[in-house]
1. Residue under question is B:MET52, and the condition is that it be more than 14 Å from every other protein chain (Cβ to nearest Cβ) and at pLDDT below 85; does it hold?
2. Spot the failing condition for A:LEU173; the list is (1) of a type outside the set (Asp, Glu); (2) within 12 Å of the ligand (Cβ to nearest atom); (3) within 24 Å of the chain's Cα centre (by Cα), and only one is missed.
3. The conditions are (1) within 20 Å of the chain's Cα centre (by Cα); (2) assigned to a loop (DSSP other than H, G, I, E, B), and B:ASP298 fails exactly one of them. Which is it?
4. Does the stretch A:584-612 hold any residues that are crowded, with 21+ Cβ neighbours inside 10 Å and within 13 Å of chain B (Cβ to nearest Cβ), and which are they?
5. If B:ARG187 passes every condition in (1) out of contact with any strand residue (DSSP E or B) (no Cβ under 8 Å at 6 or more places or on another chain); (2) closer than 28 Å to B:ARG310 by Cα; (3) of a type in the set (Lys, Arg) but one, which one does it miss?
6. Take the conditions away from every other protein chain (no Cβ under 14 Å) and more than 10 Å from the ligand (Cβ to nearest atom) and apply them to A:TRP244. Does it pass?
7. Would you be able to say whether some residue in the stretch A:271-280 is polar (S, T, N, Q), more than 10 Å from the ligand (Cβ to nearest atom) and touching a His at 6+ places or on another chain (Cβ under 9 Å)?
8. Just one of B:GLU636, B:GLU632 is surrounded by fewer than 17 Cβ atoms within 10 Å (Cβ to Cβ), closer than 20 Å to B:THR708 by Cβ and assigned by TED's automatic domain parsing to the domain that holds B:ASN703; which is it?
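The values are calculated or read from the model by the stated rules, or taken from the named source; none is laboratory data. This one's a predicted model, so the numbers in the text were calculated from it and none came from an experiment. Virtual Cβ from ideal backbone geometry, glycine too; neighbours counted across all protein chains shown.
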Amino acid sequence: MASNSSGGGSSDRQGIAQQRLRIIAGHLRGPVDGDSTILAAECKAQGSNTDVSSEGKTVPRRRQEIMKWNGWGYSDSRFLFNKKGQAEFTGKRYRLSGMIIPGLKDWFEGTFGANLQHKTPPTPLLTNTAVPPATLNEAFVEEVKSTGIPFSHDAEDRVFRAHGHCLHEIFALREGKIGRVPDMVVWPSCHNDVVKIVQLACKHNVCLMPYGGGTSVSSALECPPEETRSIVSLDTSQMNRILWIDEKNLTAHVEAGIVGQDLERLLNESGYCTGHEPDSMEFSSLGGWVATRASGMKKNIYGNIEDLVVHIKMVTPQGVIEKSCQGPRMSTGPDIHHFIMGSEGTLGVVTEVTMKIRPMPEYQKYGSVVFPNFEQGVACLREVAKQRCAPASIRLMDNEQFKFGHALKPQVSSIFTSFLDGLKKFYITKFKGFDPNHLCVATLLFEGNREKVLQHEKQVYDIAAKFGGLAAGEDNGQRGYMLTFVIAYLRDLGMDYYVIGESFETSVPWDRVLDICRNVKARIIRECKDKGVQFPPLSTCRVTQTYDAGACVYFYFAFNYRGLSDPVHVYEQVEHAAREEILANGGSLSHHHGVGKLRKEWMRDTISNVGMGMLKSVKDYVDPNNIFGNRNLL
Amino acid sequence: MLSSSGVVVDEEEEEQEEEQRGLWCSGPFGLTVFVNADKMSSGAVYSHKDPMLKKRDDFEDILEERRTSSDLRYALRCYTPVLYKGVTPCKTSVLKSMVLQSDQLHYVINQVSKESGRAADDVREEASAILEEMAHSLQLSTVRFFAFMLSKVFKTLFRSICVNEEGIQRLQQAIQEHPVVLLPSHRSYMDFLLMSYILYTYDVALPVIAAGMDFMGMKFVGEMLRMSGAFFIRRSFGGDKLYWSVFSEYVKTMLKNGYAPVEFFLEGTRSRTSKSLTPKLGLLNIVMDPFLKGEVFDVNVVPVSISYERILEESLYARELLGVPKPKESTSGLFKARKVLSEDYGSIHVYFGQPVSVRSLAEGRVNRCQFNLVPRHIPRRPSEEIQSFVNDSAYRLVRAQEENMVLKPWVLLASLLLQNHHQNRAAGQKPGMALDELTTQAVWLRDVSRQYGAFLHWPDHTSPSEVVSSGLSLHRALVRVCEGRVQLAVEQGEQGGPGDPRSTVTPEEELLSQAVVVLSCASYRNQMLHVFVRPALLASAIHIASSNQKQEVFNSFSFLRNMFSSEFILCPGATVQDFEEACYLLVKTGVLQVTQQEVLVTERGHRTLAFLTSMLDPFLQGYQVVCRFLCEEDTETLTEKQFIPAVRKFIVNHLLAGRLRYAEVLSSDLQKNALAALQRLGAVRKIKGVEPGTLKVNRVMVNSLEDTLGGKLPTQKSVSARL
Ligand SMILES: Cc1cc2nc3c(=O)[nH]c(=O)nc-3n(C[C@H](O)[C@H](O)[C@H](O)COP(=O)(O)OP(=O)(O)OC[C@H]3O[C@@H](n4cnc5c(N)ncnc54)[C@H](O)[C@@H]3O)c2cc1C
């Protein structure tokens, strides 16, 4: 452990750190496979040796060693229906790992009209012949070689970096269909490596695409098929050190390739955290967060990425852009950070970031509240926001999601009850007068010192009571948060049985929340029917963030595609319609997923002609030859 | 069961839909599954498809059961309609307080208070009083009372009340899915009681109905109507922000929450002529607003076509149009109508049309993002985009009403007899036509009108002569049959025949009394105008155009269409479509040949063409006379108010002098429409002269319009669009 200047016995600290580890990485269990860790190559240019990070980085250069090539997450973790037809989650990493989930089959078959007999397994192996040969810029390759920066044009490496996690991307991989992929991957291990690569790319007119954790859900990582130059994926995963921690100012200076779980774990070892926890934090990177304007679930305490960064260093074709000091706020014209944040890899590579850190919270507590209906739930969240007393996280799930959450309850007793029966029994006995087809649940996460947490908890539950909400226990709350970490795994399970789905988000003023939820959900159902989907889709939503002036809303949408010849196209049409509906109802184009290429068509309407012109002129100045040619955003 | 004969049904499509629905219904958790939603495309409102292929439902007579079972039991039966998404009905008091507490009203009250310097509480009181005056207080007991009374009344007045049950089923479904607006046509006071009566009969949720304040003159009746679901709005409240706000919030609150279907008359008032009236947009704007602002997913609008075989107010309307002042709607006046009870008014057909989804109407037409930047509760003037959208929708909906109006054989007879009446007049021939000649012509017209898509109820299993004579006998007040000849009942004036020694009937009085009959007949003929109006405009255009050149004909068509756009339902901006539709119909029926360059009348087309031009001729002549009046008379100080009496006098003189043959030109409706057209075209302007509403006439322009109507001047390029 590096500097430890603040008070408090170190065993105390360690205790907290351990508890903390259990909680945020609560899904992690058992040691991470030691072999898979690749030591970061020593960055010769790095003068000072203040690297405070310890061993145990998650992401190896060869991602395929631990991750799926055609699905979400770790290779060893996945949902499946076992021989008895029961759902189970494999592996040892997560809380749910190794458990049976008895209710899932019923829910799955009931909700989607799916059938375990009707399987759609993916292509098992990536065949190299399916991958288009690399178009290499020999001169560029030669010069990169001479710098000693690792690179590869292995087919697997390239395919891994050709996609994010949009449905159409994963679906194509499962079918073994590979489109345009990068021609080469480079792994810089520090800022100076990046400077060199960018210089060479400019010199040889090579297209660079920064790659962080690969969790993009906006088609941002898709290679533009029309790109004729050699495309080089710049994988930042090996730039993953915490360079220093400044306990006086509570900041940490971190390389941009570090993924969320490593950043938190390493800071925790020093008793700190950033508190930035996007649902993808296991795999998404700091640079990715900056590049997409990410949002973490605990933003109520810690803020979104734009509130967290103090200083950013980015390498562009015109040189390095950064501020000269770390003042907490400046009046120096428009904030140049705001050109960088959300630039989606179109202007340069974020290499280092100074971020705010906080002492780890002493105490955490989950909670949940059941409301008789969604309207009451939203009214409660609004009131909580008005009183500015939102807990670290507060999320409201609609009835369908609530049922979904219940279906994911792992087995406790062996007595088998049908999912719905159990649900009804539970709620009729526990919440009298609540209709199991209307009630909805809010999950809560409180953080801070114990006393304040308990006080805060009471305040929130009191408000909830005014809206007919009844406390429903810590378990329900915790399960709710767990769900967000496994939902992407669940999508893979669905895809094994003809079910495809996706989530998308927006932000919207308070007075529009109910309207947008209702209308978008209805629109999805309507469009599915119109497009010939044979079964009613799952169309559900949740409110995941509260602000003074509005909220962030997530929609989940999935359907059984049996009988459709081009399910992905249908899916895309429905998502398109849903986005139009969002916009027509006063919702934003995106709260945090970004625009990428998926939502580009709406940019002009969203930010006006002049706005587009402004962004274009920045791009034209910073990158006149379109070296960062991923064509996102504009 | 009556069936709509001669209709090709596209059954295959239906079946496929059925199949798909099955799967959707099997959803778990009682997932609401929509049936029918796909039927509510905007295409269903009005399609340019071949009118002959129009599919229409069958009818069921609801009086049949009333004649065989107890009215009392019927009035007391269990009534449990299904509401929107299963909401429970809402007490009037709750509804009122929701309105008074709404954000919109709150905002307007504060605004009014600031602007006028009055205390906010004071303004709130006023708002509350407005709401009291306005709000319905639907009570089941009153509905049951009406159910009983009306059963008795309807059974004496009408032979049958025929309703398309499939339409009712669609309505039931629509009510459960989205808020519903009912838009019945308006030809009689009867309409809204009849609507509620039918809905009660079928156990459908009772609507709340927008009614004009004139009813409130009759205290008792007004309150009765209120308790049967009517709410009352002042006829004009132009700049009264507070009134508008209370009113619109009241309607929207009911609609949004799905407490009850909202019913109003798109035409604003009863049509005295049986022609559909230019739609009024105020209420339509209000009911579309919740959708446009995203407050509901969709609103279903259901056009309802109510066709009376014989209109109760028949001669009342004619008198009104002739300027015999309308008796104030007083309770005693209604009771005088008891005499009415002894007569036979034939049957009523009520057709509940396809529900129209406002969402589909707006698709691709309205950018709903325009409401993103101002809080939705702050009242704002609708944007031009919205205005034109609502206007177009209104026209489509009126056309949807027109399409499903049932035409009785008498409508054909009235048209033929009127034309014959005027032709004989001109030719100085013996009045009337031989019965068998009338029958032959009626059969011809039956076939023609079916080809043009009319929803004609001609009993196919009865011989044509029987059909004709039964039609004539029901309308014996308007026609006489003697010595095998049929003629309009105009020869003996209503105030006693010439044989009456005390009669001192002036020629003018005589003329007016004849006009009553002519106008009554014309109102029946008008029922089929919507079927023929486009072909008839084309026929007249061919007539007045200087050549057969397609462009010239189109120019004339466009001119006439423009001229008559207050007279008939012609969707704004649809000139080219209308022209194409007219060409299509006339070519298909073998009347015209249309080439790239020319429009040619075929040998056998002349008869149809003559029929069509004579149909429009009274209007053409009428508009010309109005023009002549404005050119010839001293109009220096003419005000809008004086216009009708003055032009009427002018027309009377023309008729008496034999310079004009169409007594129906005496209709103030036509005169007003003509003036509106001239104003629209800029030939007459309203100015603030000595008197407010002084009319400034551009004689040169009026003169040239008159000549163009008469075919004496070629259509000017400026008034026509390019084809
Ligand atoms: C299951 C799941 C849950 C998610 N939950 C959240 C959430 O809670 N909150 C949230 O905000 N997002 C969420 N996301 C979206 C995604 O994780 C974020 O957009 C994230 O910020 C992307 O980071 P990444 O490192 O994976 O970037 P990548 O996916 O690798 O790249 C995304 C974009 O950023 C650019 N980029 C990446 N690194 C750099 C760099 N160093 N310099 C310049 N440009 C760079 C890339 O070129 C690309 O355009 C979720 C995604 C998934 C699949």
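1. It is true that B:MET52 is more than 14 Å from every other protein chain (Cβ to nearest Cβ) and at pLDDT below 85.
2. With respect to (1) of a type outside the set (Asp, Glu); (2) within 12 Å of the ligand (Cβ to nearest atom); (3) within 24 Å of the chain's Cα centre (by Cα), A:LEU173 is out only on (2).
3. Unmet for B:ASP298, out of (1) within 20 Å of the chain's Cα centre (by Cα); (2) assigned to a loop (DSSP other than H, G, I, E, B): (1).
4. Result: A:ALA584, A:ASN585, A:GLY586, A:GLY587.
5. (1)
6. Numbers: away from every other protein chain (no Cβ under 14 Å): yes; more than 10 Å from the ligand (Cβ to nearest atom): yes.
When the stated conditions are applied, A:TRP244 passes them.
7. For the stretch A:271-280, residues polar (S, T, N, Q), more than 10 Å from the ligand (Cβ to nearest atom) and touching a His at 6+ places or on another chain (Cβ under 9 Å): absent.
8. B:GLU632
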